1. Just round it to a whole percent: the fraction of Cα-Cα distances in region 153-307 exceeding 26 Å.
2. Under 1.5 on a/c is rounded, so check that first for region 226-307, then, if it is not, pick prolate when a/b is larger than b/c and oblate when it is not; a ≥ b ≥ c are the square roots of the alpha carbon gyration tensor eigenvalues.
3. Which entries in LYS180/LYS292; LYS128/LYS292; LYS140/LYS224; LYS180/LYS259 show an alpha-carbon gap greater than 26 Å?
4. With a cut-off of at most 11 other beta carbons within 10 Å, and DSSP calling the residue loop, which GluC sites (Glu not before Pro) in region 156-253 qualify? Please list them.
5. Among TRP268, TRP79, what's the order by accessible area (1.4 angstrom probe), most exposed first?
6. Each residue of region 135-147 in turn: what ³J(HN,Hα) in whole Hz from Karplus with 6.51, -1.76, 1.60 and θ = phi - 60°, glycine and Pro shown as x?
7. Return one whole number: the accessible area per residue of region 165-241 in Å², for a 1.4 Å probe.
8. Of the DSSP beta bridges with both residues in region 122-281, give the percent that are antiparallel, rounding to the nearest 5.
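The values are calculated or read from the model by the stated rules, or taken from the named source; none is laboratory data. Remember, it's a predicted structure, so these values are computed and weren't measured experimentally. As a convention, Cβ positions derive from the backbone with ideal geometry for all residues, glycine included, and neighbour counts pool all protein chains shown. Note: accessible area is taken over every heavy atom of the protein model, side chains too, but ligands, DNA and RNA are not part of it. Shrake-Rupley method; radii C 1.70, N 1.55, O 1.52, S 1.80 Å.
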Amino acid sequence: MRAWLRRLPTPRGPMLQQVRRKTEQTAAEEGGSFFQNFRVIPTLISGLVAGGAAIFGVDYLSRRTYDQLYEAVHKDFQWDPSWYAVEPEMRLVGGPEDGWCVDRRQDQERTEIGLRTVYFVRHAQYVKADGKLTLTELGKQQAEATGKRLRELIPKECLVRSIYHSQTGPAGETAILMSKSFTRVPVRESPALREGIPVMPDPPHPNLQLSEEEMAADREMLDKAFHRFMDPPQGSDIRNIDADIIVAHGNMLRYFICKVAQLDPAAWLRFRLLHASVTVVQIDARGGVLVKQMGDVGHLPAAALTN
């Protein structure tokens, strides 16, 4: 209040100066509260009334639109328990020995399995030498450490069916080194597990320049591989557990995770999987899915983390 008074033009004449001093004295004695409240209260009331009217008006006008929008979005992202139902042309042709496909829902050995776990591993660090892709020394250490980590993670009562890997050298080497931590678990190469760009990521990456035809071909192959390896079990007893270990590539694994979690597949480039990282997906007979771990590298020291 006092500062406000000082900004006023200086009164002229003894009488006006006396009035000004008296006003300053009154403001000082009352702490300025009377004058400040007198000035603030009307403004506050006006603001509250105007703000309340605006909020009420916006809410009144937009509530129906918001409800419709929420319903539409929620409907699009509702969980689909029949996510595994696919057309016959999505079935890969071949046998289990080459990692392609028999319809595992007809596999009699699996009819009592009530819970299935897939352990995804991105291949370890590699280098290109003499025209070939091979693991570095650090990559070999990563692979061995990951095998030990999986042996600790997988329950003893869980039957590990196979360790699958893609046809590339780094994935194959990683799988073989990991298999040293397991007893009588076959290592199988699968041509279905190949790297690709299934869909243009959102937001787009400036270095990805692929045609729609190229992405469609990659997507078709990866979708077939997805339905080959991500099938739900057929039993009802969740105490009967089996597992597969899949050693593959970063793009493919991220695309699989988006699909099995029923997320937008274009989001696959929004997260990163480091070399020899572990992602664990659990699937029950009702089609329920749980991503238990994602990109776990806790078994590797900080100096061994590579991308």
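1. On the way: 3380 of 11935 pairs.
The calculated P(r) of region 153-307 puts 28 percent of pairs beyond 26 Å.
2. Numbers: a/c = 2.46, a/b = 1.51, b/c = 1.62.
Since a/c reaches 1.5 but b/c is at least a/b, the shape of region 226-307 is classed as oblate.
3. Working: LYS180/LYS292 24 Å; LYS128/LYS292 33 Å; LYS140/LYS224 30 Å; LYS180/LYS259 31 Å.
As for pairs spanning more than 26 Å Cα to Cα, those are LYS128/LYS292; LYS140/LYS224; LYS180/LYS259.
4. Working: sites: GLU157, GLU173, GLU189, GLU195, GLU212, GLU213, GLU214, GLU220; in loops: GLU157, GLU195.
Hits after loop and neighbour filter: GLU157.
5. Details: TRP268 5, TRP79 110 Å².
The most accessible residue leads, giving TRP79, TRP268.
6. Calculated HN-Hα couplings, in order: 5, 6, 4, 5, x, 5, 5, 4, 5, 5, 5, 5, x Hz.
7. On the way: 3890 Å² over 77 residues.
Spelled out: the 1.4 Å probe surface of region 165-241, per residue, equals 50 Å².
8. On the way: 4 of 14 bridges.
So the antiparallel bridges in region 122-281 amount to around 30 percent.
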